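To start, the structure itself, in structure tokens.
Every read-out reported here was derived from the displayed coordinates using simple, explicitly stated rules and does not represent laboratory data. If you're wondering where the values come from, they're calculated on a predicted model, not measured in any experiment. Here the Cβ positions follow ideal geometry from the backbone for every residue, glycine too, while neighbour counts run over all protein chains shown.
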Amino acid sequence: MENERNQRRFESVYSKKVRAGKRRTYFFDVRRTKGDDFYLTLTESTRRFNGEGYERHKIFLYKEDFNRFVSSLEEVVNYIKTELMPDYDYDEYTRRHEEWEAKRAEEAENEANSDSSTSNDKDEEEIEEEDDMSW
């Protein structure tokens, strides 16, 4: 019973994953407290250079801090965009990600339409490599 309650406490109610290059991924997870309240965990997961596992950093964000956190985040991002780097093309990476997603979808469609059985013989590492965006 206790183990079941702990499992429920740590389970994610909602999750959003944001890929940020080949080595870095961000996770936004809504989790439930013992008192049926909710909080957000922000996790940065970075693949180690030696290829052995991941390094993770977490931030726990509670409802009483949501508004100040979002407001401050917007303020500092806008400061960088307008004051420090106003000429930078901030949509560049969005376009590149969309192109990568389109290419990946096209390759998956071509593979599905292919009668070649050799495409199904990929090992796990190759599949993981394809799953990362190439910048």
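Using only alpha-carbon positions in the range 2-113, the gyration tensor eigenvalues give semi-axes of 30, 25, 15 Å once each is multiplied by 5 and square-rooted (largest first). Kindly list the residues of the range 33-48 that lie in the label zone of L73, defined by a backbone N under 13 Å from the point 7 Å along the Cα-to-C-beta vector. Hits in the range 33-48 for L73 at 13 Å: 40-44.
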